[in-house]
Amino acid sequence: MESHNNNSLSVDMEKDQEKAFDYSKRAQWLRAAVLGANDGLVSTASLMMGVGAVKPDVKTMILTGFAGLVAGALSMAIGEFVSVYSQYDIEVAQMKRDNGGEVEKEKLPSPMQAAAASSFAFSIGAAVPLLAAAFVKTYELRIGVIVAAVTLALVIFGWLGAVLGKAPVVKSLARVLLGGWLAMAVTFGVTRLVGSHGLR
């Protein structure tokens, strides 16, 4: 009876460990997705704000943001693919050394999956300022709507990143918000300065 209880306890502990491991793995992927979306949000919004500083036309701003989305998503995908493939090669070589040439493919990272996830996350973030600006014709109002939409998204992404990374929420939100605002403000200011004085 005692042996049966010990076996049952051991099985339960193994299941708990597997659940914890799976959660940890999911949390890492989710956190990477949140960071990728935040990159798409801030870089695309900053690009649109920079162009908007010298070219108030809505079509130009939308096309610039769309080009930023496509270029950024592809860059993220390629970068992640190359990075994960390098990790894949290292793990394959290690498995061959440890297992006498046998490779357990189910334990290996997927470069294609990582590339697709990174690209998708970036696109989700980049879509926020694009959608915010798409239906606003007035220049000043459009800038305000972009900043408001990006601020809301930054709060959401900052909160998610803090929860998934088990970091202090207030500090995480402050860093994300200040970083996003600073990126947009500096891009807007520098582009306006160059556009007004540097390109004559």
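The values are calculated or read from the model by the stated rules, or taken from the named source; none is laboratory data. Keep in mind that what you see is a predicted model, and the values were worked out from it rather than measured. Every residue, glycine among them, receives a Cβ derived from its backbone with ideal geometry; neighbour counts consider all protein chains shown.
Table: residues versus (1) more than 18 Å from the chain's Cα centre (by Cα); (2) surrounded by fewer than 14 Cβ atoms within 10 Å (Cβ to Cβ).
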{"residue": "Gly72", "(1), (2)": "no, no"}
{"residue": "Val82", "(1), (2)": "no, yes"}
{"residue": "Asp89", "(1), (2)": "yes, yes"}
{"residue": "Gly125", "(1), (2)": "no, no"}
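Could you say whether any residue in region 128-137 is free of Cβ contacts under 8 Å to residues at least 12 places away in the same chain, closer than 19 Å to Trp181 by Cβ and outside any loop (DSSP other than H, G, I, E, B)?
For region 128-137, residues free of Cβ contacts under 8 Å to residues at least 12 places away in the same chain, closer than 19 Å to Trp181 by Cβ and outside any loop (DSSP other than H, G, I, E, B): absent.
If Ala93 passes every condition in (1) surrounded by fewer than 21 Cβ atoms within 10 Å (Cβ to Cβ); (2) at pLDDT 85 or above but one, which one does it miss?
Unmet for Ala93, out of (1) surrounded by fewer than 21 Cβ atoms within 10 Å (Cβ to Cβ); (2) at pLDDT 85 or above: (2).
Taking the stated definitions as given, is Ala53 closer than 23 Å to Gly144 by Cβ, out of contact with any Ser or Thr (no Cβ under 6 Å at 6 or more places or on another chain), at pLDDT 70 or above and of a type in the set (Gly, Ala, Ser)?
So Ala53 fails the test.
Kindly evaluate Ala115 against the criterion of being more than 29 Å from Gly52 (Cα to Cα) and assigned to a loop (DSSP other than H, G, I, E, B).
No.
Go through (1) within 21 Å of the chain's Cα centre (by Cα); (2) modelled with pLDDT of 80 or more; (3) among the aliphatic types (A, V, I, L, M); (4) surrounded by 14 or more Cβ atoms within 10 Å (Cβ to Cβ) for Ala67 and report which single condition fails.
Every condition holds for Ala67 apart from (4).
Out of all the residues in region 43-93, which are touching a residue at least 40 places away in the same chain (Cβ under 8 Å) and hydroxyl-bearing (Ser, Thr, Tyr)?
Ser43, Thr44, Ser46
Quick one: which of Arg97, Arg142 is charged (D, E, K, R), outside any loop (DSSP other than H, G, I, E, B), over 21 Å from the mean Cα position of the chain (by Cα) and under 30 Å from Val58 (Cβ atoms)?
The conditions single out Arg142.
Of the residues that make up region 163-171, is at least one exposed (fewer than 14 other Cβ atoms within 10 Å of the Cβ), of a type in the set (Lys, Arg) and out of contact with any Phe, Trp or Tyr (no Cβ under 7 Å at 6 or more places or on another chain)?
Yes, some residue in region 163-171 is exposed (fewer than 14 other Cβ atoms within 10 Å of the Cβ), of a type in the set (Lys, Arg) and out of contact with any Phe, Trp or Tyr (no Cβ under 7 Å at 6 or more places or on another chain).
For a quick check of your reading of the model, give me the residue pairs whose first member lies in region 97-109 and is within 15 Å of Gln87 (Cβ to Cβ), whose second is of a type outside the set (Gly, Ala, Ser), with beta-carbon atoms closer than 6 Å and at least 6 apart or on different chains.
Once the first residue is within 15 Å of Gln87 (Cβ to Cβ) and sits in region 97-109, its partners that are of a type outside the set (Gly, Ala, Ser) give Val103/Val92; Val103/Met95; Leu108/Tyr88; Leu108/Glu91; Pro109/Val84; Pro109/Gln87; Pro109/Tyr88.
For every residue, the table says whether it meets (1) under 15 Å from the mean Cα position of the chain (by Cα); (2) within 25 Å of Gly36 (Cβ to Cβ); (3) modelled with pLDDT of 85 or more.
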{"site": "Val103", "(1), (2), (3)": "no, no, no"}
{"site": "Ala116", "(1), (2), (3)": "yes, yes, yes"}
{"site": "Phe122", "(1), (2), (3)": "yes, yes, yes"}
{"site": "Leu130", "(1), (2), (3)": "no, yes, yes"}
{"site": "Gly161", "(1), (2), (3)": "yes, yes, no"}
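In region 166-196, how many residues are part of a helix (DSSP H, G or I) and more than 21 Å from Met61 (Cα to Cα)?
Residues meeting the conditions: 11.
Does Phe120 count as of a type in the set (Phe, Trp, Tyr), more than 29 Å from Lys55 (Cβ to Cβ) and part of a helix (DSSP H, G or I)?
In short, yes.
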